[in-house]
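Contents: one structure, followed by commentary.
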Amino acid sequence: TLAAYGRAGDQYRIYELNPQVLELARTHFSYLSQSPAAIAVQLGDARLVLEKEPDQKLDVLAIDAFSSDAIPVHLITTEALGIYRRHMRPGGIIAFHVTNRFLNLIPVVEGLARVHGLFVIHIVDEGEDSRGNRSDWLLLSDRREVLGHPELAEAATEVEVRQEWRLWTDDFNNLFQVLK
């Protein structure tokens, strides 16, 4: 659905693990085909593909894989963030969509940002209807002024900090700690 926001001149690169999801997107939805943006789709695990690709100099990298009860932990570790950072242009934004009914991933991402020397803000979108369709995003950047843009600053809420939590790495995570 992010392709629907694309404008002429934009370049979107979508990483999708499941070829069936791509097939459904192409046959049952028009977001990809009708977007004015140039869209490229890369099949495979996003982290593994990004690890092999040359630097992309991205403006925005959105990581949106954490809404279920079985999250891909390898996408939310300090090593993964190092890979993402390599692909960003200075002042770019890494956006983690951490909405999850079962897990509180906000302190995990905040800790990753802190260790990597990145600035972070928490954006909450309560939705426009009364169904409680809340969406939580953490935006990370190496430039404070990027996250201080008036529209972002107005929407930002306090970021939950848990300095006592151990940093998530490829060798360590604690899902019990983040249970809601």
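Can you give me the ranges of the strands (runs of 3 or more DSSP E) entirely in the range 1-63 with at least 2 residues that are exposed (fewer than 11 other Cβ atoms within 10 Å of the Cβ), modelled with pLDDT of 95 or more and not β-branched (Val, Ile, Thr)? So that I can check it myself, show each step before the final result.
Working: elements: 11-16, 38-43, 58-63.
Passing ranges: none, list empty.
Does the range 88-97 contain at least one residue that is of a type outside the set (Val, Ile, Thr) and in contact with a Phe, Trp or Tyr (Cβ under 6 Å, 6 or more places away or on another chain)?
Going residue by residue through the range 88-97, those that are of a type outside the set (Val, Ile, Thr) are 88-92, 95-97.
Checking which are in contact with a Phe, Trp or Tyr (Cβ under 6 Å, 6 or more places away or on another chain) leaves us with 95, 97.
Within the range 88-97 (the criterion being of a type outside the set (Val, Ile, Thr) and in contact with a Phe, Trp or Tyr (Cβ under 6 Å, 6 or more places away or on another chain)), the answer is yes, since at least one residue qualifies.
From the list Arg134, Arg162, pick out the single residue that is touching a residue at least 24 places away in the same chain (Cβ under 8 Å), over 24 Å from Arg47 (Cα atoms) and surrounded by 14 or more Cβ atoms within 10 Å (Cβ to Cβ). Give the steps one after another, and end with the answer.
Working: Arg134 fails: surrounded by 14 or more Cβ atoms within 10 Å (Cβ to Cβ).
After ruling out the rest, the residue left standing is Arg162.
So, in the range 73-87, of the ones that are more than 19 Å from Asn173 (Cβ to Cβ) and open to solvent by 20 Å² or more (accessible area, probe 1.4 Å), which residue ends up nearest to the chain's Cα centre (by Cα)? Can you show your working first?
We begin by selecting, within the range 73-87, every residue more than 19 Å from Asn173 (Cβ to Cβ); these are 85-87.
Restricting the remaining residues to those that are open to solvent by 20 Å² or more (accessible area, probe 1.4 Å) gives 85-86.
On the way: Arg85: 12, Arg86: 15 Å.
If we take residues in the range 73-87 being more than 19 Å from Asn173 (Cβ to Cβ) and open to solvent by 20 Å² or more (accessible area, probe 1.4 Å), then Arg85 is nearest to the chain's Cα centre (by Cα).
Could you tell me which of the residues Ala70, Ala113 is of a type in the set (Gly, Ala, Ser), free of Cβ contacts under 8 Å to residues at least 60 places away in the same chain and open to solvent by less than 30 Å² (accessible area, probe 1.4 Å)?
Details: Ala70 fails: open to solvent by less than 30 Å² (accessible area, probe 1.4 Å).
From the options Ala70, Ala113, the qualifying one is Ala113.
The values are calculated or read from the model by the stated rules, or taken from the named source; none is laboratory data. Just so it is clear, the model here is predicted, and its values are computed rather than measured. Counting neighbours? That spans all protein chains shown, and the Cβs are built from the backbone with ideal geometry, glycine included. Just the protein is used for accessible areas: all its heavy atoms, side chains included, with ligands, DNA and RNA removed. Shrake-Rupley method; radii C 1.70, N 1.55, O 1.52, S 1.80 Å.
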